[in-house]
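> Take a look at this one; I'll ask things after.
Bear in mind that the values in this text are calculations on the coordinates, not laboratory data. Please read all numbers here as calculations on a predicted model, not as lab measurements. Glycine also receives a Cβ, built like all others from the backbone with ideal geometry; neighbour counts cover every protein chain displayed.
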Amino acid sequence: MLDFQTPIELVKGVGNNYLKKFKKIGVEKVKDLLFYFPFRYEDFSVVKKINQLILNEVVTIEGKILKIKTFRTWRKKFFITEAIIQDETAPIKIIWFNQPFLTKNIKVGDFISVAGKLVEDKNGTYFSPSHYEKIIDFYSEERRETSGLIPVYSETEGLTSRALRFFIKKCLKQTRIPNDWLPSYIHQKYHLPELKTALKQIHFPKNLSEAERARKRFLFEDLFILELIILKQKLQFKKYKGFLIKTNLESLKKFSASLNFQLTDDQKKAVLDVLKDLQKGKPMNRLLQGDVGSGKTIVAAIAALITVENNYQVAFMAPTEILTEQHFQTFSRLFKDFDINIGLLTGNKTKISWNGLISENKRKIFIKDCQQQKLNIIIGTHSLIQKDIKFNNLGLVIIDEQHRFGVEQRKELLKSKTDFIPHLLSMTATPIPRTLALTLWGDLDISSIKELPKNRKPIITKIISLNQRKKIYQFIKEQIQQGRQIFVICPLINDSEKLEVKSVLQEYERLKNQIFPEFKIAYLHGKMKNQEKEEIMQKFLKNEINILVSTSVVEVGIDIPNASIILIEGAERFGLAQLYQFRGRVGRGPYQSYCFLFTENNSQNTLKRLKALLIAKNSFELAEKDLEIRGPGEFLGINQSGMPDNLMMALKNLSLVQIAKNEAELIIQNDPELKNYPLIKKTLEQKKEILELIH
């Protein structure tokens, strides 16, 4: 008898050859195989007599083999296997292509069941098979390959769906399935099958509704576990003490008066959320999300000001040196009338700003000043979490584009000498869809800024066909002559033989030598040294470069008020949320701005997806659409293959997410230690890697 932990090589029939292929798809134990779910089903539930066949109708026929032979085509390029099968109503010809081994498996006189369809082409009228199997017992209702719903799995070379069905069926019969850890009341309340039944029904369902019930059970299972883990984390987080930071109304009024604009209602609400959190005596754990240019930095600046006024330090961490420099300049300008020292620490330089006056400093002196609290706000990249950087009294951590940092980096910043831990304010211009906010970001409180500042001109966005390219280039030329600047975004750095998409280096050479030889053009990509990237961005900011050809490295945060056009090559290769980020790189100044989307793929699906960018009112709408189309990986910044497929699917199901969240909350409220749920507790321990994977 097998069990869930039995190594897959101990299953009869799995030799060294299959073992390598199973490991390639992540199957090492029997449990891995049983939880390797089909992604679709082929419906061969209609069984017909041969004289009832209709052209192109997918059916199953059963009969006796009268003839079978294999031969090469006259050009000797491939094999054809022809057979005659007959039932009690009529005979018919079956043709297989490039399967010469069939004559060894199927002999004259064998009874077989064949799934496929009747077709008509240059070979005449014949039955085109997709699956077949021998019939040992005509009176047995069990057909693994040619009757009912046939599961289809993700395959790898040498490991077909047929082989997977064989081994899964064997394991289902021979494996001792453990007790179901889901409480029985949940099964009854939501009509979910128990584990043993669900495994059988998801692999070999009698009908689609049975398959859907089984799939729903496993989707719920993953969401339920995820919610329980996050809720327990949230409970653990509440045990920590947070610094009590009181609002200084006079400083707040002074800061507001120094701005040359009014805060939007959404900004005011976000500020109120943050100030309330800072005064609770518990560590703040808040995500501030909003469109590009919606004013998140001002909210962060107010939080920093109030924290410094309470004699605590602030660490502000951003993903790139270019962005940290931009935040440093912004904070220096905002706090020029305040007695606040601001430090900038990147890989290769340190700067200090006091009363708007900026000077460079030696690293050793900078580190000492930070430790002695002579620096109030310290802005930097991952350099802030290096071992030699120590804060004297860190009260607030601000992280821009939080989900671009790993968990370990965030933990390092949250370290403190006392039992207290600093408040955390994360910012993102990629809004989190509701399902992800309820799950993966469930341990965070969320504030949203949906309003844009008044008088902001909408960016004109168009999908451009290939025959309009010359016209767009002429328009770009006119814009540059008026003093504007241009972004050109490409999916790749170098040319690719496999992918027919434009690369940065290829497009740079083409634009420089053939299209715009009279203009100054530069390129930018992630593999360049930080100093090179910074020098180019500084030149672009000073309008010493007319056109910047770049990869997605410009996606985050760079503010070029003079840029009025962003042209995106291979737009279909980017997610909607990412395209929205690109578009936000223009329209930051007083000029009418434009976003032109070029695509090599004119399929209806591609055009439909890109049109969503044209009609969406804000990035919050696009985030929901992007989740639906491309999955959670867009928002997590991970390769989606790194997340379990079932969980990927579950995170798109808002109603199921809400149900799982409600049930998890009920259990944690009544039994936070899970003393009455030992099987749930054990399962949580086994599945903690899910949370590590996605955070």
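> If you place +1 on the Cβ of every Lys and Arg, -1 on the Cβ of every Asp and Glu, and leave all else neutral, what size is the dipole of the chain about its Cα centre, to the nearest 20 Debye?
About 600 debye.
> Now for a separate question. What size of dipole, in debye to the nearest 20, comes out for the stretch 460-617 about its Cα centre when the only charges are +1 on Lys and Arg C-beta atoms and -1 on Asp and Glu C-beta atoms?
500
> Cβ under 14 Å from residue 540's Cβ, residue 540 left aside: what net charge do those residues give with Lys, Arg +1 and Asp, Glu -1?
Counting the neighbours of residue 540, the net charge comes to +1.
> Turning to a different aspect of this structure: Compute the long axis of helix 654-670 from its Cα atoms, compare it with the longest principal axis of the Cα atoms of the chain, and write down the angle in degrees, 0 to 90, nearest 10.
70
> What are the extents of the Cα atoms of the stretch 25-105 along their three principal axes, in Å, largest first?
Largest first, the stretch 25-105 extends 45, 35, 22 Å along its Cα principal axes.
> Then there's this: Once you order the gyration tensor axes a ≥ b ≥ c over the Cα atoms, which shape class does the stretch 460-617 get: rounded for a/c under 1.5, otherwise prolate or oblate by comparing a/b with b/c?
rounded
> Using the 10 angstrom Cβ neighbour count as an exposure proxy, how do 128, 113, 465 rank, fewest first?
The most exposed by this proxy come first: 465, 128, 113.
> Rounded to the nearest 5, what % of the DSSP beta bridges within the chain are antiparallel ones?
If I count the DSSP bridges inside the chain, around 45 percent turn out antiparallel.
> I want to verify the translational diffusion coefficient of the stretch 41-152 in µm²/s; compute it with Stokes-Einstein, Rh as the Kirkwood radius over Cα pairs, at 10 °C and 1.306 mPa s.
For the chosen part, D equals 111 µm²/s.
> In whole Å, what three semi-axes, largest first, describe the equivalent ellipsoid of the chain built from its Cα gyration tensor (square root of 5 times each eigenvalue)?
Equivalent ellipsoid semi-axes, largest first: 56, 35, 21 Å.
> Further question: With runs of 4+ DSSP H residues as the only contributors, calculate the mean residue ellipticity of the chain at 222 nm using -39,500 (n - 2.57) per run, divided by the residue total and rounded to the nearest 500.
-11000 deg cm²/dmol
> Given 358, 331, 316, which one lies farthest toward the positive end of the charge dipole of the chain, if we put +1 on the Cβ of every Lys and Arg and -1 on the Cβ of every Asp and Glu?
Projecting each Cα onto the dipole axis, the largest value belongs to 358.
> Could I ask something else about it? From the cross-link list 296/539; 93/117; 48/117; 477/520; 107/134; 69/104, which pairs have alpha carbons spaced over 20 Å apart?
296/539
> Starting at the first residue of the stretch 338-349, write each ³J(HN,Hα) from the Karplus equation 6.51 cos²θ - 1.76 cosθ + 1.60 with θ = phi - 60°, in whole Hz, x for Gly and Pro.
Once rounded to whole Hz, the list reads 10, 7, 10, 8, 10, x, 10, 10, 10, x, 10, 7.
> A further question on this structure: If I take every Cα pair under 8 Å that is 6 or more residues apart in the stretch 125-280, average their sequence separation and divide by the length, what percent do I get for the relative contact order?
That works out to 15 percent.
> Of 273, 87, 291, how do they rank once you tally other Cβ atoms within 10 Å and put the fewest first?
87, 273, 291
> Moving on to the next point. Which lysines, if any, have their Cα less than 25 Å from the Cα of residue 387, not counting same-chain residues under 8 positions apart?
Qualifying lysines at Cα under 25 Å: 241, 349, 351, 362, 364, 368, 374, 411, 415, 417, 529.
> Hand me the chymotrypsin sites (Phe, Trp or Tyr not before Pro) from the stretch 226-314 located in a DSSP loop with no more than 15 other Cβ atoms within 10 Å, in residue order please.
Counting only loop positions with at most 15 other Cβ atoms within 10 Å, the chymotrypsin sites (Phe, Trp or Tyr not before Pro) in the stretch 226-314 are 240, 261.
> Sticking with this structure for a sec: Label 7 Å along Cα→Cβ of residue 89; the stretch 46-78 residues with amide nitrogen under 17 Å?
Backbone N within reach: 46-64.
> Specify the angular offset, from 0 to 90 degrees and rounded to the nearest 10, of the alpha carbon long axis of helix 265-278 from the longest principal axis of the alpha carbons in the chain.
It is inclined by approximately 80 degrees.
> In whole Hz, with x marking every Gly and Pro, tabulate ³J(HN,Hα) for the stretch 385-397 from phi via Karplus 6.51 cos²θ - 1.76 cosθ + 1.60, θ = phi - 60°.
Karplus-based 3J(HN,Hα) across the stretch 385-397 equals 9, 6, 4, 7, 8, 10, 9, 7, 8, 6, x, 9, 10 Hz.
> Right, another one. Output the relative contact order of the chain, whole-number percent, from Cα pairs under 8 angstrom with separation of 6+ residues.
Rounded, it is 11 percent for the chain.
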